[in-house]
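To start, the structure under review is shown below, and the notes come after it.
Every read-out reported here was derived from the displayed coordinates using simple, explicitly stated rules and does not represent laboratory data. For clarity, every value in this text was computed on a predicted model and none was experimentally measured. Cβ atoms come from the backbone with ideal geometry, glycine included; neighbour counts cover every protein chain shown.
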There are 2 protein chains.
Amino acid sequence: MTDRPFHHGNLRAVLLDEAVAALRESGVEGLSLRELARRAGVSHGAPRSHFVDRRALLDALAVLGFERLHDRVQQAIAGSDGLRDRFRRVAHAYVDFAVEDAALMELMFEGKAVGAAAAEVQAAAGTLFTLLDSAMGPARAGTPADQDEGAPDGGGHDDGDHEGDPRDGDPRDDGARETFKMLFAATMQGIATLVVSRRIGRTQGDELVDAAAETMLGSDLARRAVSAD
Amino acid sequence: MTDRPFHHGNLRAVLLDEAVAALRESGVEGLSLRELARRAGVSHGAPRSHFVDRRALLDALAVLGFERLHDRVQQAIAGSDGLRDRFRRVAHAYVDFAVEDAALMELMFEGKAVGAAAAEVQAAAGTLFTLLDSAMGPARAGTPADQDEGAPDGGGHDDGDHEGDPRDGDPRDDGARETFKMLFAATMQGIATLVVSRRIGRTQGDELVDAAAETMLGSDLARRAVSAD
DNA sequence: ACCTGAACACCGTTCAAGT
DNA sequence: ACCTGAACACCGTTCAAGT
């Protein structure tokens, strides 16, 4: 209809959408700000108004990626019936997303963001991990399991400094929950990597997801970390 | 000593070494052929004699990466005592390598190589996976477990076409072995990714490796796939 | 506030020319 | 066989100028 296509108030959103598509076509290395500007019908300097540099765009894409994955996992949870089924569905949703948007996933787990952008990415990741936590069934009373929202540093030591009594039953319970959750994310991430790198086929990947889900749910760790509804 | 540094017969090796160092400093995106040429003291066109383009260099680096990881795993196996200890040491060696040389690892599992280069990378990966297989203890008699050396394609269906008798005991045994091995690689890969992306700390990563090793060794899958020495 | 377009430094790739 | 150096197209980034 109009002569000059769009690029009015929503250039930022257009660029991000175009970027997601470009990522699927040619990966992170093939992602060019100038090419994006061309696709959006603006001059090569225009993106600068919304992203100070290429890194800023990449960081915004990482945040967007975590949001989309969060939605996918949420849908998987919504359409599930019981702990076992839920666990399996979430696992498949996670790996499917990681395989379909491999380049986006790469940006989400690059860890190259710095400063405020890094905090935003970590926050988006934290929201996803909190959702994964909720998929593990209700947490122990008094342990809301949200200690992963804070700083990305820490040292990994979280024992022996907040209980006055050395024997207050199950002192490592939310530690197990945290471990289980991260092990889940790591395993699904890794399976996706094997598929993307063609080390295994897609159907073999699906079988691996099922095997992993079974193994994890049947483990000693699960007994301490996961609870039925 | 000499005025013009080196670059005589071994420019290819020099470029690869320089590239590994550059990868550690500035990642895959920061790797530039011209910069490498400068570091090696040759003109920017010189690398062309050894690598037809940037992709060829990246593929060569992937192969080199698999060889180095293979060596690390082999050392871990050599210095271990018993199945459990061996398993744990290999796991840590794998993750340590992946964290220290994250950018190299990225190249190893990108899956962007094409043609002959892709076959070379797959072959190098196959050698590593065969070693991982051997770390799982002796295989069943008559199943040398080397069906992962072939083409990277397949469809994932490997049942019901080579046994004349439908009930020849443990028909899925080496299937379990394959699954276990790939699940191992996937899990360690994923843990490394979480560390690199700063989603977890290094010490937390080490704890995850131990938890994963324990969970995997104690699984039903392990009972079918792994054998004591 | 947002976009244009020239300018600059850097890059990968190609190729004739040297040794 | 291996390397040089000019040439070309592309890129990210900066910035004065427009609206």
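Numbers below:
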quantity: Karplus-derived 3J(HN,Hα), 6.51/-1.76/1.60, for each residue of region B:217-229, Hz, glycine and proline x; calculated: 5, x, 7, 4, 4, 4, 4, 8, 9, 9, 10, 5, 6
quantity: Label distances, nm, A:E100 versus same residue in remaining copies, Cβ-directed 7 Å point; calculated: 3.9
quantity: Net dipole in debye of region B:48-137 [+1 Lys, Arg Cβ; -1 Asp, Glu Cβ; about Cα centre; nearest 20]; calculated: 40
quantity: Of all chain A residues, the one whose C-beta is nearest the axis that brings A onto B, in angstrom; calculated: A:G190, 2
quantity: Full-extension gain in nm, B:E35 to B:D17, via 0.36 nm per residue minus C-alpha separation; calculated: 5.2 nm
quantity: Ascending list, in nanometres, of distances separating the B:S134 label from those of the other copies (7 Å, Cα toward Cβ); calculated: 4.9
quantity: Inter-chain shielding of A:203-216 (mean C-beta neighbours from other protein chains, 10 Å cut-off); calculated: 5
quantity: Copy-to-copy label separations for B:G45, where each label sits 7 Å from Cα toward Cβ, in nm and ascending; calculated: 3.6
quantity: Environment charge of A:V209, counting only residues whose C-beta is closer than 11 Å and scoring Lys/Arg +1, Asp/Glu -1; calculated: -2
quantity: Hz values of 3J(HN,Hα) by residue in region A:176-187 - Karplus curve (6.51, -1.76, 1.60), Gly and Pro given as x; calculated: 4, 4, 4, 4, 4, 4, 5, 5, 4, 4, 4, 5
quantity: FRET efficiency, 1/(1 + (r/R0)^6) with R0 56 Å, evaluated for B:S43 and A:R223 via beta carbons; calculated: 0.30
quantity: Gyration tensor (alpha-carbon) shape descriptor, region A:62-133, a/c threshold 1.5; calculated: prolate
quantity: For region B:95-136, size of Cβ-based charge dipole, Lys and Arg +1, Asp and Glu -1, in debye; calculated: 200
